[in-house]
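Read through the structure below, which is laid out as structure tokens, and then see the notes.
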Amino acid sequence: MLGAGLAGCAGLAGNRTVSLSESELTLLLARQFPMERKVLEVVDLQVTNPQLRLLPESNRIGTELDVFALDRLFGSRTQGHVKLDYGLRFEPSDHTIRMTQVHVRDLAMESGASTLHGAAQRLGTLVAEDLLENMALYKMKPAQADEMNRLNLEASPITVTAQGISMNVSPKAR
């Protein structure tokens with residue numbers, strides 16, 4: 001996986017491409033779910049069942065998720081589905097790969113026989129984007145992060161390909 005590729009950088013003087021396949025990326029994403037959060041202290045939100053899709057033409061990842069919400073004030077339950085896409089970035093301060101520029105493409109929520117529209121739909125979109133923005137999908141092991149720092153390596157921006165993701169790791173420019 002990614003860590004093995006970074007650990008292998010120690011023996012290289014130049015650039016090294018580190019890749020994750022679509023199936024490896026799917027496993028990393030699945031580890032983050034189910035996700036449970038309280039929203040504004042009145043809604044219990046549960047997000048489950050991530051389905052990943054690579055979007056190399058836009059250098060993004062598409063994901064579909066199931067969403068369940070419980071209104072703690074009135075006891076009403078809502079369930080639905082969200083489709084979103086996002087980029088990935090390497091965060092050098094904590095050696096993580098994180099979601100970035102999360103954009104909800106479609107949010108469909110139903111409560112009993114009614115479908116939520118208008119302000120509720122817009123609020124749900126904002127909550128979903130805020131909840132997932134900057135979410136870490138992967139964190140390097142401390143020994144790997146230390147090795148990357150010791151060798152003075154930096155990661156290039158992450159590229160989404162038809163097979164998965166890749167990034168170059170190379171010595172920092174002086």
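The values are calculated or read from the model by the stated rules, or taken from the named source; none is laboratory data. Note that this is a predicted model, so its numbers are computed, not measured. Because the Cβ atoms are built from the backbone with ideal geometry, glycine has one as well, and the counts that use them run over all protein chains shown. Surface accessibility is based on the protein's heavy atoms, side chains included, excluding ligands, DNA and RNA. Shrake-Rupley method; radii C 1.70, N 1.55, O 1.52, S 1.80 Å.
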Exclusive hit being within 22 Å of Gln163 (Cβ to Cβ) and more than 14 Å from the chain's Cα centre (by Cα), set Glu57, Glu64: Glu57
Residue check for Arg60: open to solvent by 30 Å² or more (accessible area, probe 1.4 Å), among the charged types (D, E, K, R) and in contact (Cβ under 8 Å) with a residue 40 or more places away in the chain: yes
Residue in region 41-51 that is closer than 21 Å to Thr161 by Cβ and in a strand (DSSP E or B) present: yes
Gly80 being free of Cβ contacts under 8 Å to residues at least 60 places away in the same chain and loosely packed, with under 15 Cβ neighbours inside 10 Å: no
Subset tally (residues that are open to solvent by 50 Å² or more (accessible area, probe 1.4 Å) and either modelled with pLDDT under 95 or within 11 Å of the chain's Cα centre (by Cα) (or both)) for region 93-104: 2
Residues of region 74-92 satisfying the condition of being closer than 18 Å to Asp130 by Cα, among the small types (Gly, Ala, Ser) and over 16 Å from the mean Cα position of the chain (by Cα): Gly80
Matching residues in region 71-107 - criterion: being farther than 12 Å from Ala136 by Cα and hydroxyl-bearing (Ser, Thr, Tyr): Ser76, Thr78, Tyr86, Ser93
All positions within region 18-36 that are modelled with pLDDT of 90 or more and in a strand (DSSP E or B): Ser19, Leu20, Ser21, Met35, Glu36
Of residues in region 1-17 being open to solvent by 40 Å² or more (accessible area, probe 1.4 Å) and assigned to a helix (DSSP H, G or I), the one modelled with the highest pLDDT: Ala4
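Looking at region 113-134, is at least one residue within 29 Å of Val169 (Cβ to Cβ) and small (Gly, Ala, Ser)?
No - not one qualifying residue is present in region 113-134.
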